[in-house]
Each structure stands twice: as C-alpha cells, then as structure tokens.
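Okay, so here's the structure we're looking at.
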Amino acid sequence: MASILDIPTWFLTTRIGLDFLFALVTLMVSHNAFKIYALSKRREVKLLSTGFFFISTSYIIQTFFGIMILTKLNQGICDFWEIQSVATINLMTIILHILFFSIGTVTLVYMTFRKKNLKLYFLLLGISLLALSSSKNIILTFHMLTTAFFLYLVLHYHEMIKKLKKQKVLIIFIVFTLLFLSSIDFILSRFHDGFFITGHILEFGAYLLILVNLIQTNKK
C-alpha cells in the first residue's frame, strides 16, 4: 500500500466517499437483519446482523480518519511532525479497520456453526489476530485471511443450496461469492490498480444484493 502522502487528494476524496457508502450500506444490512431477528429470534440472523455491524464500524472508522487526513493535507504540510502525525493516523486507520473487519468476518463464519460455542469463536478470532499481529505485511495477511473466510462461506452455502434448494440460500451464496472474488482482487491489486477498482465494485454489489434481499424479507 502506498503512503497516504503519495495519494492524490482527488483519489483520497473518492476513497472517503466509497468508505462512507460502504459504511452506510453495511449498517443498513445490519439493521434490517436485526429487525428480522427481533421477530424470528433466529441465532444465525442475529450473528449476521452482528457481523455486518462490525464490518460497518470498520468503514465508519476509515471514513472518520480519512476526513482527518484530508483536512491535514488540505492545510498544507511543511513540518516534519505534521507529516509524522498524518502517517500515524494512517497507520491507526489501517489497524482499526483490519481489526473490526476481521471480527465481522469471523462472526459470519461462526454464524454457520449450528451450536453456540464461544470458545471456538474466540479461538478463531485469536488465531486471526495473532496471524495479523505477527505478520510483516499486515495488509496482505488480512486479505489472505478474509479470502479464506469467504471461501469457507462460499463452500458452506454451496452445500446448503444442495440440501435446501431455496432462493434465499442462493442469494447468500452469491453474496459471499462476490465477496470472495473481491478479496482476491484486493490481493492482486498489488500488481495492477484495476483489480482494486474491480474489488470495490464486487464488494459493493455483494452488500447491495444482501441489503435488497433483507429489505424484501422485512416487507413480507
């Protein structure tokens, strides 16, 4: 990932706009899933809501700190300590985004387990955070972990389609397939910027698809 100081202001503004959009859509997903849970009391729906709440929080954090960085860059940076403060904010943003997004994806994986087992949940989360904290390239490790988690979810819902053959299950399968493909694109974005753009399009498509599905479910 390039230094925040090397990113053009117009691109940073676009990135902040995307983060805000993703934060809003994923928060709406969480809210609509919770409304379904309030009526059905289904454990998996509650975990779906919780998982997307953490993912939304990760984007809210990126939006907030992105605005802080953009404000500092627009003021003009000449002092060494000002440059250091922007770099520190950028690092903090990356770490917090990865932390909350990772909690969200682990929660979505845990959603697929039939029985409540908090020891298993915290084991998965602990291993993920340990892998991230010990990595020399935390961003690459993060994308590899999310790719593995989304692949598991794709395989899980593929099996569910065979068993249940319901449209709702098919939609969830498509959602996690899009997220899996987007995470692969983010890994490949190290080699070409086009993958970064494609990854965001696929990710937004996934969030929008599950949001529409939940809204339609709430209307019934």
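The values are calculated or read from the model by the stated rules, or taken from the named source; none is laboratory data. Quick caveat, the model's predicted, so the values are computed rather than measured. All Cβ positions, glycine included, derive from the backbone under ideal geometry; neighbour counts span all protein chains shown.
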Next on the checklist: So for the stretch 66-86 (the condition being closer than 24 Å to LEU125 by Cα, touching a helix residue (DSSP H, G or I) at 6+ places or on another chain (Cβ under 8 Å) and at pLDDT 75 or above), does at least one residue qualify?
Outcome noted: no
Checklist outcome for this item: Note on the stretch 183-209: residues among the hydroxyl-bearing types (Ser, Thr, Tyr) and closer than 18 Å to LEU24 by Cβ are TYR207
Item to check | Lone qualifier among LYS119, LYS136 - being without any contact (Cβ under 8 Å) to a residue 24 or more places away in the chain, of a type in the set (D, E, K, R) and assigned to a helix (DSSP H, G or I) | outcome: LYS119
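Residue by residue, here is whether (1) modelled with pLDDT of 90 or more; (2) among the basic types (Lys, Arg); (3) closer than 16 Å to GLU203 by Cα holds:
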{"site": "SER133", "(1), (2), (3)": "yes, no, no"}
{"site": "PHE142", "(1), (2), (3)": "yes, no, yes"}
{"site": "THR146", "(1), (2), (3)": "yes, no, yes"}
{"site": "LEU153", "(1), (2), (3)": "yes, no, yes"}
{"site": "VAL169", "(1), (2), (3)": "no, no, no"}
{"site": "ILE174", "(1), (2), (3)": "yes, no, yes"}
Checklist entry - Of all residues in the stretch 94-150 being of a type in the set (Gly, Ala, Ser) and crowded, with 17+ Cβ neighbours inside 10 Å, which is nearest to GLU44 (Cα to Cα)? => result GLY104
Checklist entry - Can you pull out the residues in the stretch 164-220 that are outside any helix (DSSP H, G or I) and either aromatic (Phe, Trp, Tyr) or under 30 Å from LYS41 (Cβ atoms) (or both)? => result LYS165, LYS166, PHE191, LYS220
Checklist entry - Take the residues of the stretch 98-120 that are touching a Gly at 6+ places or on another chain (Cβ under 7 Å) and among the aliphatic types (A, V, I, L, M): which is farthest from LEU151 (Cα to Cα)? => result MET111
Checklist entry - Which residue pairs have Cβ atoms under 6 Å apart, sit 6 or more places apart or on different chains, and have a first residue in the stretch 209-220 that is of a type in the set (Gly, Ala, Ser) and a second that is not in a helix (DSSP H, G or I)? => result none
Next on the checklist: Which numbered condition in (1) modelled with pLDDT of 95 or more; (2) more than 22 Å from VAL29 (Cα to Cα); (3) not aromatic (Phe, Trp, Tyr) is the only one that SER102 fails?
Outcome noted: (2)
Item to check | All positions within the stretch 176-214 that are small (Gly, Ala, Ser) and either more than 20 Å from THR105 (Cβ to Cβ) or at pLDDT below 90 (or both) | outcome: SER189, GLY194, GLY199
